[in-house]
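Below: one structure, written as C-alpha cells.
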Amino acid sequence: MSSFDETTKLEQDVLDGNASAAVGQLMVKYQDRLQRVIAFRMDRRLKSRIDAADVVQEAFVEATRRLDDYRACADKMSFFLWLRFITLQKLAQLHRHHLGVQARNAARDVPIFGRPMPEATSMVLAAQLLGNMTSPSHAAMRRERQIKLDQALAEMEDVDREVLALRHFEHLNNQETAQLLDLSETAASNRYVRALRRLKSILNMLDDSE
C-alpha cells in the first residue's frame, strides 16, 4: 500500500469512528511537519522558553478531544491541515499568555476558512532566509542584510508572502496551500512562481549592493 493510500485509509478510519489506533498513527506521521510549522511561526522571544515538540504534543491532546470537529469539516480539509489548525491555535494561546499585547497582531493574518493564523511577516521571512545564508560570525552584516530584505519583502502582497512561507518553509504542497488560502490550485501555483521570482530578484539586489 502506498503512503497516500495508507493515509487515506487512516483518515477514513477516523471518520468511521475507529479512531484510536488511526489517530495515533496519523499524529506520528505528521509530528515532524507540525514541529516545522511551529519553529517557523513561533515568536523568536519564546524560542528559548518553549520547545516546538511540546506545543505539538499539547495540540495532539486537544485534537483527540475534538475529533468530532474534524469529522464536521473533513470535506473541506485533510486531517493534516486540521491538525495544523489546532497546533496554530495552541501557538496563538502561548503568544497571548507569554507576550500579551506584544504578540504579533493576528488581525492582519491571512484566513484559513475564515479563521486567523499567525502571518508570515516580512521580518520572519527575512530572519529565516538569512539564518540559512549567513554565519553567526557575521552578525553586523547579517543584521544589515536582514533590514534590507525585510523592507523589500514588506512590499510583496500579504498572500504572496504567505504562499512563499507555506511552500518554501512549511513544505506544504500546492493543493494544501490553495486550500489554506482559499485559492484555486492554478492561482496558488502562479503566486508561488511569482513570489519565488520576486525573492530571487531581492536576493540578487542584496548581493549586487555588497
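The values are calculated or read from the model by the stated rules, or taken from the named source; none is laboratory data. No experiment lies behind these values; they were computed from the predicted model shown. In this analysis, Cβ positions are derived from the backbone assuming ideal geometry, glycine residues included, and neighbour counts consider all displayed protein chains.
A few points about this structure:
- Scanning segment 1-54 for residues that are more than 13 Å from the chain's Cα centre (by Cα) and β-branched (Val, Ile, Thr) returns Thr7, Thr8, Val14, Val23, Val28, Ile50.
- Among the conditions (1) in a loop (DSSP other than H, G, I, E, B); (2) modelled with pLDDT of 85 or more; (3) in contact with a Lys or Arg (Cβ under 8 Å, 6 or more places away or on another chain), Val159 misses just one, which is (1).
- Unmet requirement for Ser48, which otherwise passes all of (1) part of a helix (DSSP H, G or I); (2) modelled with pLDDT under 90; (3) surrounded by fewer than 19 Cβ atoms within 10 Å (Cβ to Cβ): (1)
- For segment 168-210, filtering for residues that are loosely packed, with under 13 Cβ neighbours inside 10 Å and of a type in the set (A, V, I, L, M, F, W, C) leaves 2.
- Residue in segment 76-84 that is modelled with pLDDT of 50 or more, in a helix (DSSP H, G or I) and basic (Lys, Arg) present: yes
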